[in-house]
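We did not get these values from a lab; they are worked out from the coordinates using the rules stated. Note that the structure is a prediction, hence the values are computed from the model and not measured. Note: ideal-geometry Cβ built from the backbone for every residue, glycine included; neighbour counts use all protein chains shown.
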Amino acid sequence: VAAPPASEACGTDLIEADWNRTVERTGLVPWNIYNNYDDWYMEEDERAQQYEETGETERNDTLHPEEDWMVNWRYPQPLAPLQTSMYATMAVGNDSVGAYRFNLSADHRMTFCVTLYGDLDEDGNRLPVEADVYLFTTSQYQRYEQAYNNAHTTYTWWDDIDTLLADRAPELRRYDPMGWTTYRDVHMYEAVEEVSFSLSLDKAEVSRSLFNGEVWEDFYLVVDAWDNGHGKDAMPPESAVYADVAAVATPRSFVMPPASVALVLVVMLGGMVAVPAVVQRRYAMAGLETVEA
């Protein structure tokens with residue numbers, strides 16, 4: 001099987017994704033929104049009619065190539081750690097979100113390459129298209145998913161709040177109950193046609209809470225084709241978006257323990273305190289030495 005362009009950018013020693021063992025496909029679409037208020041007041045067919053009447057995106061094969069199993073809710077099953085390099089092609093509908101879920105470990109350095117393109121023209125060439133690429137942990141993706149659901153309900157209050165938060169800094173957005181951030185606040189690549197980035201973990205990624213204790217965090221590589229409210233994100237392309245995704249796993253021979261950073265800082269701070277004290281003591285003692293005739 002010929003490797004797609006993103007695979008060529010990341011290397012050639014790649015295999016197809018091992019679905020539902022090391023990689024899972026999921027996504028968000030405008031016709032499959034879970035909302036308690038909508039479910040109480042409207043039936044599913046009325047929600048579909050709502051999108052058609054308001055001129056918003058309705059489901060069709062051209063704009064939305066996703067299959068039902070990709071977007072229907074299901075309980076996430078554990079995945080084996082991704083230890084081999086892989087590639088896959090993701091089809092994302094207009095005003096939708098496509099995502100791959102991975103189990104990443106500190107034993108491998110991961111390099112991701114994503115190449116985006118639109119539909120084919122009359123000559124069979126790929127049309128250029130821009131979209132957003134994000135990397136989330138499980139808890140971050142859940143907040144992002146809630147933001148998507150809020151933006152696609154019938155209640156317009158979210159639009160005003162979303163506009164207010166659009167230009168907030170990432171370190172401030174995380175403290176807002178409706179804000180969302182990417183992994184380490186840096187893996188956010190907006191309005192791009194292609195992107196590549198690397199990730200190295202120093203330990204297993206877990207989240208802790210008062211009631212749930214430690215919870216294992218998977219990673220979500222997201223291709224965003226909707227207006228998520230960020231000031232510099234790509235707008236819906238009014239067409240399907242296709243993403244060639246490659247993930248290269250490189251074994252790491254040595255992984256520094258997480259406490260190494262704290263240990264280095266303690267040593268540096270201790271040295272900053274100790275060195276002036278030693279110099280001062282030697283200077284003070286120099287005047288007390290006995291001088292022999």
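Some values worked out for this structure:
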read-out: Within-10-Å neighbourhood charge of Leu116 [Cβ basis; K, R +1; D, E -1]; value: -4
read-out: Where the Cα pairs of the range 56-151 fall when distances are cut into 10 Å bins, in %; value: 11, 38, 36, 13, 1
read-out: 13 Å beta-carbon shell around Ser105, net charge (K/R +1, D/E -1); value: -2
read-out: Proxy reagent accessibility, fewest Cβ within 10 Å first, across Glu24, Glu122; value: Glu122, Glu24
read-out: Long-range amide H partners of Ala17 with built H, under 5 Å; value: Tyr87
read-out: Exposure proxy ranking, count of Cβ atoms within 10 Å, fewest first, for Trp180, Trp69, Trp216; value: Trp69, Trp216, Trp180
read-out: Summed residue charge, Cβ within 12 Å of Phe219's Cβ, Lys/Arg positive, Asp/Glu negative; value: -2
read-out: Long-range amide H partners of Glu24 with built H, under 5 Å; value: Arg101
